[in-house]
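Below is one structure; the comments refer to it alone.
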Amino acid sequence: MSVTKQQVLQGLATVMSPRNVSLVDAGVLSDVVVNDGKVMLSINVDAAEVRQWEQVRAQADSVVRALPGVTSALIALTAERKAGSAPAPAAPAARRQPPPGVPNVASHRPAAPPHGSPMARQAEIPGVGAIIAVASGKGGVGKSTTALNLALGLRDIGLKVGVLDADIYGPSMPKLAGIREKPELNDSKRMIPISRFGLSIMSIGFLVEEDTPMIWRGPMVMSALTQMLREVEWGELDVMVVDMPPGTGDAQLTLAQAVPLKGAIIVSTPQDLALIDARRGLAMFTRVKVRVLGIIENMSYFQCPHCGTRSDIFGHGGARHEADKLGVPFLGEIPLHIDIRATSDSGTPLVHSAPDSEHAAIYRAIAREVAQQIGQTAVSGGA
């Protein structure tokens with residue numbers, strides 16, 4: 001039997017805050033989300049006290065995981081500085097004292113990463129040959145549809161492919177891939193990705209109801225993404241395609257710091273407004289030393305299915321021009337077409353449901369170019 005929210009709160013009531021107040025009564029808990037044995041919550045504290053609370057978070061995590069019926073837990077510590085406050089100057093180590101009632105937690109501070117760089121924390125995911133991010137500077141440019149069809153294109157050239165939906169706030173893969181079931185756990189209590197269309201797919205959308213708002217601060221987003229990278233039984237993959245959330249925030253930074261990315265693909269529409277945001281996304285990956293594999297111009301043009309007349313609704317060629325200007329590869333143009341939209345809405349992506357279409361051929365051509373760039377060659381017999 002699955003655990004209930006009340007049982008989780010009863011367990012958390014046994015965990016004491018640094019000031020010896022029950023965690024439930026301390027006024028620091030977010031709404032507790034419980035779904036089919038999976039528990040998610042955050043502990044929100046003042047930034048000045050975050051180190052004292054880390055031990056509390058760890059204890060809460062242990063208590064929740066030990067409850068009968070809990071299959072997985074995500075408990076994040078989030079911190080924000082109080083309005084109008086400024087960081088106080090650091091006191092000399094000899095005079096620095098913890099607040100009353102708070103034990104000295106210096107021994108629990110994490111060691112600084114080697115060489116002082118967050119990138120030194122990068123670690124490969126066992127069995128995964130290459131990880132690529134599909135990103136966009138803004139939403140609404142068809143990034144998730146592109147990511148899934150690109151993954152299918154890589155499958156079609158003979159590669160073993162996984163898809164990680166890292167868009168925590170707006171996960172699209174359950175809808176795009178027509179997946180309604182929940183992931184199962186193996187004997188080690190690691191989640192097993194959902195297998196669909198020959199792909200291994202994982203999304204936060206598999207763990208929560210479709211209309212559940214994800215009102216999470218950055219640290220909880222980072223924790224969720226790390227868990228989906230590290231606590232999922234991905235198996236042997238040639239390529240993992242990560243569908244990033246739009247923008248340049250915590251998820252992008254977490255991925256760049258957590259795993260050695262082979263590269264990033266930027267998806268944009270042709271108009272100037274989208275290209276401005278695409279430029280920011282490209283600059284972000286460049287700053288964190290992630291290679292940009294290229295730019296895709298999505299919704300590049302519209303061709304009337306009745307008369308064949310072509311219309312450049314959003315302009316045309318902007319992404320190609322931007323790629324040339326920035327010195328990165330231009331990977332291709334994908335048209336605005338009703339078949340791409342309809343197959344996405346029905347959960348039967350175009351490269352799978354219409355493999356012989358001209359649009360599927362475009363995605364496969366992009367996939368071949370990407371595979372070549374990351375050193376993955378098409379298997380004999382692949383399309």
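The values are calculated or read from the model by the stated rules, or taken from the named source; none is laboratory data. If you're wondering where the values come from, they're calculated on a predicted model, not measured in any experiment. Cβ coordinates were reconstructed from backbone atoms using ideal geometry, including for glycine residues, and neighbour counts include every protein chain displayed. Surface accessibility is based on the protein's heavy atoms, side chains included, excluding ligands, DNA and RNA. Shrake-Rupley method; radii C 1.70, N 1.55, O 1.52, S 1.80 Å.
Quick notes on this structure:
- Among the residues of region 231-270, those that are open to solvent by 20 Å² or more (accessible area, probe 1.4 Å) and acidic (Asp, Glu) comprise Glu231, Glu233, Glu236, Asp238, Asp250.
- The requirement of being out of contact with any Gly (no Cβ under 7 Å at 6 or more places or on another chain) and at pLDDT 85 or above is fulfilled somewhere in region 248-262, by at least one residue.
- Restricted to region 143-182, and to residues there that are closer than 21 Å to Asp36 by Cβ and more than 17 Å from the chain's Cα centre (by Cα), the residue that is most open to solvent (accessible area, probe 1.4 Å) is Arg180.
- The residues of region 1-32 that are closer than 16 Å to Val45 by Cβ, outside any loop (DSSP other than H, G, I, E, B) and among the small types (Gly, Ala, Ser) amount to a single one, Ser22.
- Test: residue in region 66-73 that is modelled with pLDDT of 80 or more, surrounded by 15 or more Cβ atoms within 10 Å (Cβ to Cβ), in contact with an Asp or Glu (Cβ under 7 Å, 6 or more places away or on another chain) and more than 30 Å from Lys262 (Cβ to Cβ): yes
- Counting the residues of region 263-289 that are more than 30 Å from Ser311 (Cβ to Cβ) and modelled with pLDDT under 90 gives 7.
- A Cβ distance below 8 Å, combined with a sequence gap of six or more or placement on separate chains, defines the contacts here; from region 198-215, residues that are closer than 15 Å to Ser172 by Cβ reach residues that are exposed (fewer than 11 other Cβ atoms within 10 Å of the Cβ) and modelled with pLDDT under 95 in the pairs Phe206/Glu181.
- Residue selected from region 276-316 under the condition among the β-branched types (Val, Ile, Thr) and assigned to a helix (DSSP H, G or I), by the criterion nearest to Ile132 (Cα to Cα): Thr286
- Filtered residue count, region 165-185, keeping only those that are of a type in the set (D, E, K, R), free of Cβ contacts under 8 Å to residues at least 60 places away in the same chain and touching a strand residue (DSSP E or B) at 6+ places or on another chain (Cβ under 9 Å): 2
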